[in-house]
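Novice: Structure in structure tokens, see below.
The values are calculated or read from the model by the stated rules, or taken from the named source; none is laboratory data. Just so it is clear, the model here is predicted, and its values are computed rather than measured. All Cβ positions, glycine included, derive from the backbone under ideal geometry; neighbour counts span all protein chains shown.
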Amino acid sequence: MAAPLRVGFVTGATPDKWARAWRERRREPLELVPVVEEDQEPLLRDGSLDLCLVRLPVGRDGLHVVRLYDEVPVVVVPKDHFVTAAPEVSLDDLADEQLVRPHASGWTPRVDQLEWPAMSEREAVEVVASGSGVALVPMSVARLYHRKDVATRPVTDLEPSTVALAWLVERDAEDTQAFVGVVKGRTANSSR
């Protein structure tokens, strides 16, 4: 039997509909591999993954990258936080807040930030729930790690995060192109 097509997906991305379409059309096995954002590009470049649903940016040298969709950035706060009084917030509303993942969003608030150890999105939401700060994450990540003791609000002036499909230029095989076609919505009978 052929080796499976290994498709990574970054936290929050949902490859299910594409995997289902693949399995309906193809005999080759498909293996979905969850990856954290820090590992998405290295796993593609070292050949551990054939393709990956990545969160941009990634280095474009030697990679094909197809933008798929943008995600709304949200702030995760304790349930009783003042920003929950509004349906959305701006960065000015958060300027005096402690970010528990200060470098993950690319935005730096006005106040000095504590030095936090590196942490996953799940860990960040747990820290927020304890009342020790706020986190900025894509909406899909906030939904994935939702808890009863936290709330989220869209951040209107923070750039959206973009999810894309990426693969090595040298890995442009027929099965790769077939999966790209599935993701782009080509039907089983359509051609490139």
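Novice: Go over the candidates S105, S130, S140, S90 one by one and state the one that is of a type in the set (S, T, N, Q) and farther than 20 Å from E159 by Cα.
Specialist: Working: S105 fails: farther than 20 Å from E159 by Cα; S140 fails: farther than 20 Å from E159 by Cα; S90 fails: farther than 20 Å from E159 by Cα.
Just a single option satisfies the conditions, and that option is S130.
Novice: Answer yes or no: is there a residue in the range 96-107 that is outside the structural domain of V10 (by TED's automatic domain parsing), out of contact with any His (no Cβ under 8 Å at 6 or more places or on another chain), touching a residue at least 60 places away in the same chain (Cβ under 8 Å) and not in a loop (DSSP other than H, G, I, E, B).
Specialist: Of the range 96-107, the ones outside the structural domain of V10 (by TED's automatic domain parsing) are 96-107.
In the following step, the residues that additionally are out of contact with any His (no Cβ under 8 Å at 6 or more places or on another chain) were identified as 96-107.
Retained after the next criterion (residues that are touching a residue at least 60 places away in the same chain (Cβ under 8 Å)): none.
No, the range 96-107 contains no residue that is outside the structural domain of V10 (by TED's automatic domain parsing), out of contact with any His (no Cβ under 8 Å at 6 or more places or on another chain), touching a residue at least 60 places away in the same chain (Cβ under 8 Å) and not in a loop (DSSP other than H, G, I, E, B).
Novice: Can you tell me which residues in the range 28-55 are among the aliphatic types (A, V, I, L, M), closer than 30 Å to L94 by Cβ and buried (at least 16 other Cβ atoms within 10 Å of the Cβ)? Step through it out loud before you land on a result.
Specialist: Keep residues of the range 28-55 that are among the aliphatic types (A, V, I, L, M), which gives 30, 32-33, 35-36, 43-44, 49, 51, 53-54.
Okay, now just the ones that are also closer than 30 Å to L94 by Cβ, so 35-36, 53-54.
Matches in the range 28-55: V35, L53, V54.
Novice: Can I ask one more? Has the range 80-89 got at least one residue that is under 22 Å from T162 (Cα atoms), assigned by TED's automatic domain parsing to the domain that holds V137 and crowded, with 17+ Cβ neighbours inside 10 Å? Even if it seems obvious, please write down each step before you answer.
Specialist: Restricting attention to the range 80-89, the residues satisfying the condition of being under 22 Å from T162 (Cα atoms) are 88-89.
After this cut, where a residue has to be assigned by TED's automatic domain parsing to the domain that holds V137 as well, the list is 88-89.
Subsequent filtering for residues that are crowded, with 17+ Cβ neighbours inside 10 Å retains 89.
Yes, the range 80-89 has at least one match.
Novice: Go through the residues of the range 20-34 one by one and say whether even a single one is in the same structural domain as V10 (by TED's automatic domain parsing) and within 28 Å of P154 (Cα to Cα). Full working, then the answer.
Specialist: Going residue by residue through the range 20-34, those that are in the same structural domain as V10 (by TED's automatic domain parsing) are 20-34.
From what's left, within 28 Å of P154 (Cα to Cα): 34.
So far as the range 20-34 goes, yes, one or more of its residues are in the same structural domain as V10 (by TED's automatic domain parsing) and within 28 Å of P154 (Cα to Cα).
Novice: If a residue must be touching a strand residue (DSSP E or B) at 6+ places or on another chain (Cβ under 8 Å) and either within 21 Å of P57 (Cα to Cα) or not in a loop (DSSP other than H, G, I, E, B) (or both), how many such residues does the range 75-90 contain? Give the derivation first.
Specialist: Quick first cut of the range 75-90, residues touching a strand residue (DSSP E or B) at 6+ places or on another chain (Cβ under 8 Å) only: 75-79, 81, 83-84, 86-90.
From what is left, the residues that are either within 21 Å of P57 (Cα to Cα) or not in a loop (DSSP other than H, G, I, E, B) (or both) are 75-78, 83-84, 89.
So the answer is 7.
Novice: Shifting gears a bit: How many residues does the range 117-143 contain that are more than 18 Å from V89 (Cβ to Cβ) and under 11 Å from the mean Cα position of the chain (by Cα)?
Specialist: Number satisfying all stated conditions: 2.
Novice: Within the range 153-161, is there a residue that is touching a residue at least 60 places away in the same chain (Cβ under 8 Å), part of a strand (DSSP E or B) and touching a Lys or Arg at 6+ places or on another chain (Cβ under 8 Å)? Before the answer, list the steps.
Specialist: Taking the range 153-161 and keeping what is touching a residue at least 60 places away in the same chain (Cβ under 8 Å), we get 153-161.
Right, trim to part of a strand (DSSP E or B) and you get 153-155, 161.
With touching a Lys or Arg at 6+ places or on another chain (Cβ under 8 Å) added as a condition, the list becomes 161.
For the range 153-161, residues touching a residue at least 60 places away in the same chain (Cβ under 8 Å), part of a strand (DSSP E or B) and touching a Lys or Arg at 6+ places or on another chain (Cβ under 8 Å): present.
Novice: Next question, about the same structure. Checking the conditions here, which among V35, V75 is at pLDDT 95 or above, among the aliphatic types (A, V, I, L, M) and touching a Cys at 6+ places or on another chain (Cβ under 7 Å)? Let's see the steps before the verdict.
Specialist: Values: V75 fails: touching a Cys at 6+ places or on another chain (Cβ under 7 Å).
Checking each option against the conditions leaves just V35.
Conditions (1) in a helix (DSSP H, G or I); (2) over 22 Å from L32 (Cβ atoms); (3) not assigned by TED's automatic domain parsing to the domain that holds E28, marked per residue:
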| residue | (1), (2), (3) |
| --- | --- |
| W116 | no, yes, yes |
| R122 | yes, no, yes |
| V127 | yes, yes, yes |
| G131 | no, yes, yes |
| A135 | no, yes, yes |
| R147 | no, yes, yes |
| A166 | no, no, no |
| Q177 | yes, no, no |
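Novice: Also: Restricted to the range 39-74, and to residues that are among the β-branched types (V, I, T) and part of a strand (DSSP E or B), which residue is nearest to the chain's Cα centre (by Cα)?
Specialist: Going residue by residue through the range 39-74, those that are among the β-branched types (V, I, T) are 54, 58, 65-66, 72, 74.
Keeping just the survivors that are part of a strand (DSSP E or B) gives 54, 65-66, 74.
Values: V54: 6, V65: 15, V66: 15, V74: 13 Å.
Only one residue tops the list, namely V54.
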